[in-house]
Structures are given as structure tokens and as C-alpha cells.
1. For Lys87, list the aspartates and glutamates whose Cα falls under 12 Å from its own Cα; do not include residues on the same chain fewer than 8 positions away.
2. Full extension from Thr123 to Asn94: what is 0.36 nm times the residue separation minus their Cα-Cα distance, to one decimal in nm?
3. For Leu128, Leu115, what's the fewest-to-most ordering of other Cβ within 10 Å of each Cβ?
4. Please state the charge dipole magnitude for region 40-144, taken about the Cα centre, from unit charges on C-beta atoms (+1 on K and R, -1 on D and E), reported in debye and rounded to the nearest 20.
5. Determine the alpha carbon to alpha carbon distance for each of Lys86/Lys116; Lys70/Lys136; Lys89/Lys112; Lys116/Lys145; Lys86/Lys145 and list only those over 19 Å.
6. State the Kirkwood hydrodynamic radius of region 29-122 in Å, one decimal place, computed from all pairs of distinct Cα atoms.
7. Order of Glu55, Glu60 from fewest to most other C-beta atoms within 10 Å?
8. Mind listing P(r) for region 97-145? All alpha-carbon pairs, 5 Å bins, whole percents.
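Bear in mind that the values in this text are calculations on the coordinates, not laboratory data. Every value quoted in this text rests on a predicted model; they were computed, and no experiment measured them. Note that each Cβ is placed from the backbone with ideal geometry, even for glycine, and that neighbours are counted across all protein chains shown.
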Amino acid sequence: MKTLVKTFFAAALIAVSTFAMAAEGPGSKTAKANVNLSTADFALDHYVAVTTEGESAGVEQLFAADFSQKANATTNKRDELVKFFKKQKGEKLNCAVSTNIIEESADYMVAKVTLKFENFTKTDLVTLVREGNDWKVSKSINSYK
């Protein structure tokens, strides 16, 4: 009898948890991941994680509304880059990363992010600005050697 009660209890527990997960559904979470961008260093670290480690949480939060990226003769806007990084979720680049802060003030920072791959180096000059309580990436200029 005890075995029968335990079996029914386990089945009921599985059914309830399955229905709860099904009701939630895949995409029903409307809250976006909130990333701590309260300092320029946090925002720069998150930018490096997004660009090199496939981090996709907080991508929309990271880039300023007027963000632009220049690489050679191409200019990419914010929406294009956000879509790109979301597609790259989990993709890690095989490179050595170094960052160097070139200039910093209370409201902006310019940093040089160097990605050294086996056969080439990508240098990214990143401008971060304070918007309210958060720091955001407002501009990125890429060059390759």
C-alpha cells in the first residue's frame, strides 16, 4: 500500500511540474537579463564577453541607442550588431584578449581591445558613455592587421 501511495504521489508531482513548465512555455519569460553596467569597467568587461565569449545576456542593454560600429569601409548600426551577437550565443573565439584604457573621465571612457588570433590581430577602439546610472558602448572602430 505504501508503495502504491508513493507511486501516485510521484506521478502527481511529475504531472504538476510538467504542467507548470508547459504553462510557462519557451519564450514566455518577458523579463530580459539585467546585467550590471554601473561602472565603465563592468561595461567594458561585458562588451569583451559579448564579442569574444558568446555571451548574449544583456546585449540590448549594453549598446547605446545611437551605437555605430565602423570596420574598414562598413558601418554597422545597433540593431544589426545586436542580432549578430544573439546569433553568436555560446560561440567562443579562439584568441588572446587584452584591454587598455586610453582615456577615462566621469562620463566617458575610450578603451583599446586587442584580439590576437593565430594569423591576424583585430584592434577595437571602444567608446563607452554614461547614460543615467549605466554605462553603454556608443561607438566601436575596428581595424585588422
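1. Glu55
2. Extending this stretch completely gives an extra 8.9 nm.
3. Least to most surrounded, the residues fall as Leu115, Leu128.
4. 420
5. Those over the limit are Lys86/Lys116; Lys89/Lys112; Lys86/Lys145.
6. After inverting the mean inverse Cα-Cα distance, the result is 14.4 Å.
7. Going from least to most buried by this count: Glu60, Glu55.
8. 5, 22, 26, 20, 13, 8, 4, 1, 0
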